[in-house]
1. Right, G26: modelled with pLDDT of 90 or more, assigned to a loop (DSSP other than H, G, I, E, B) and either surrounded by fewer than 16 Cβ atoms within 10 Å (Cβ to Cβ) or over 10 Å from the mean Cα position of the chain (by Cα) (or both) or not?
2. State the number of residues belonging to region 61-82 that are loosely packed, with under 15 Cβ neighbours inside 10 Å and not hydroxyl-bearing (S, T, Y).
3. Do any residues in region 48-64 that are within 15 Å of G29 (Cα to Cα) and in contact (Cβ under 8 Å) with a residue 12 or more places away in the chain have Cβ atoms under 8 Å from those of residues that are among the hydroxyl-bearing types (S, T, Y) and not in a loop (DSSP other than H, G, I, E, B), where the two are at least six apart or on different chains, and which pairs are they?
4. Every residue in region 12-21 that is over 20 Å from I63 (Cα atoms) and either exposed (fewer than 13 other Cβ atoms within 10 Å of the Cβ) or at pLDDT 85 or above (or both), please.
5. Listed residues S61, S34; which is within 22 Å of L92 (Cβ to Cβ), assigned to a strand (DSSP E or B) and among the small types (G, A, S)?
6. Taking region 34-58, which residues are in contact with a Pro (Cβ under 7 Å, 6 or more places away or on another chain) and within 10 Å of G80 (Cα to Cα)?
Amino acid sequence: MRRLLENVRNLRITNSLVDLGFTIDGRFGGCINSSTKIWDIAPSLLMFEEAGGMITDMNGSKIDFSLDANIMKKEFPILGASRKLHPKLLNLVLR
């Protein structure tokens, strides 16, 4: 995370839905959240993709929404950004 912090201009902490919305409309370059729930990201994922962005897990993989008995308790760590910025942000997180 230190490398990420060294490479960003500003860091804001809000709730995940606000972060995703601000990233979709361009106010934020990207967003990272380590503890979203399915109801936070399932609707936003479609909006993100329609706007040309990407939301993945913290390893760059598609988010697995497989339904099981614990889906409502599961935490979904996510990284969302434009298609251009997403790989750069992911690289900083994975270092």
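The values are calculated or read from the model by the stated rules, or taken from the named source; none is laboratory data. Nothing here was measured: the structure is a model prediction, and the numbers come from that model. Here Cβ is always computed from backbone atoms with ideal geometry, including for glycine, and neighbour counts include all displayed protein chains.
1. Values: modelled with pLDDT of 90 or more: no; assigned to a loop (DSSP other than H, G, I, E, B): yes; either surrounded by fewer than 16 Cβ atoms within 10 Å (Cβ to Cβ) or over 10 Å from the mean Cα position of the chain (by Cα) (or both): yes.
Spelling it out, it is not the case that G26 is modelled with pLDDT of 90 or more, assigned to a loop (DSSP other than H, G, I, E, B) and either surrounded by fewer than 16 Cβ atoms within 10 Å (Cβ to Cβ) or over 10 Å from the mean Cα position of the chain (by Cα) (or both).
2. Initially, region 61-82 is screened for residues loosely packed, with under 15 Cβ neighbours inside 10 Å, giving 61-62, 64-75.
Okay, now just the ones that are also not hydroxyl-bearing (S, T, Y), so 62, 64-65, 67-75.
Within region 61-82, residues that are loosely packed, with under 15 Cβ neighbours inside 10 Å and not hydroxyl-bearing (S, T, Y) number 12.
3. If the second residue must be among the hydroxyl-bearing types (S, T, Y) and not in a loop (DSSP other than H, G, I, E, B), the pairs left are F48/T23; G52/S82; G53/T23; G53/S82; M54/S82; I55/S44.
4. So the first thing to find is which residues in region 12-21 are over 20 Å from I63 (Cα atoms), and the list is 12-14.
Scanning region 12-21 gives R12, I13.
5. Details: S61 fails: assigned to a strand (DSSP E or B).
Of S61, S34, the one residue that is within 22 Å of L92 (Cβ to Cβ), assigned to a strand (DSSP E or B) and among the small types (G, A, S) is S34.
6. Those that are in contact with a Pro (Cβ under 7 Å, 6 or more places away or on another chain) and within 10 Å of G80 (Cα to Cα): D57, M58.
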